[in-house]
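Visitor: Before anything else, here's the structure in question.
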Amino acid sequence: MPLIARHTRLRQVQSPRTIAGGGLVECMIAMAVLAVFFIGAFGVNSQVLGLVRASREAAAAEQCTRDRIDKMRNASWTSMVSADYICNTVLASTGNTFPDLAGLVVTITVSAYPPPSGTTGASTIIVTRSADGSASVNAGGDGNMVNEKTVVVQVTASWPTSKRTRTKEAYTLVSTGGISGRNK
C-alpha cells in the first residue's frame, strides 16, 4: 500500500491574554458608541419636553388673557371703566385657575381711545393680580373714563420660566354701546 503523504499544519495558538484583551477593547468601543447614542437621545428628549412645556404655558396664557377680555366685554360700561369692579370681579378668582402658569401675574389696563391729547381726557386705570392671588389697583383713574366714547382694554399675563419672564398680551376696543349695544 502506498503511503499517502499527510500534510500537517501547525496551528498558531494565541495566548488567552491576547484573545481576552481584544474582546475587552471591542467591548469598550461598543459601550462608548452606545453611551454617545444615549446621551444624544436624552438631550433631544430634554429639548422636546422643554418645547412641550413652553407650548402648554403659552396656550394657558392665551386662555387666561382671552378669559379676562371676555369678562371685560360682558361687563356694563360703568363697570368696565371702574377700577374696583376690575379688581373685585374680573381679577378676583380664587386660587390659581391656570396651574400650568406658576407665578402668573395678570394686569388689566383700561385707557381712553384715541389717547387724549394734552391734559384733557380720562386717566388710565391699571389693576394687577399678583402671583399670590391678591388683586390691587395700581392706578384708579380719575372717574372720567365713564365719559369716554371708546376705551382700549389691554390684558397682560406674565409668568417666570427657568430662563426668563414670558409675556402674553391681548387688546380689545370697546365703545359705550359695547359689542351688541347692550353695554350702556
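Since every read-out is calculated from the coordinates, none of them should be taken as a lab result. Nothing here was measured: the structure is a model prediction, and the numbers come from that model. Because the Cβ atoms are built from the backbone with ideal geometry, glycine has one as well, and the counts that use them run over all protein chains shown.
Visitor: Name the trypsin sites (Lys or Arg not before Pro) in region 21-91 that are in a loop by DSSP and that have at most 14 other C-beta atoms within 10 Å, would you?
Guide: none
Visitor: I need the calculated FRET efficiency for the pair SER123 and GLN63, taking r as the beta carbon distance and R₀ as 45 Å, to the nearest 0.05.
Guide: Efficiency computed from Cβ-Cβ geometry: 0.90.
Visitor: Computed FRET efficiency, Cβ-Cβ of LYS149 and ARG56, R0 25 Å: what is it to the nearest 0.05?
Guide: 0.05
Visitor: Here's a follow-up. Which Rg and Dmax, in Å, describe the Cα atoms of region 32-175?
Guide: According to the Cα coordinates of region 32-175, Rg and Dmax are 19.9, 74 Å.
Visitor: Counting only C-alpha contacts under 8 Å and six or more residues apart, can you give the relative contact order of region 32-175 as a whole percent?
Guide: Computed over region 32-175, the figure is 24 percent.
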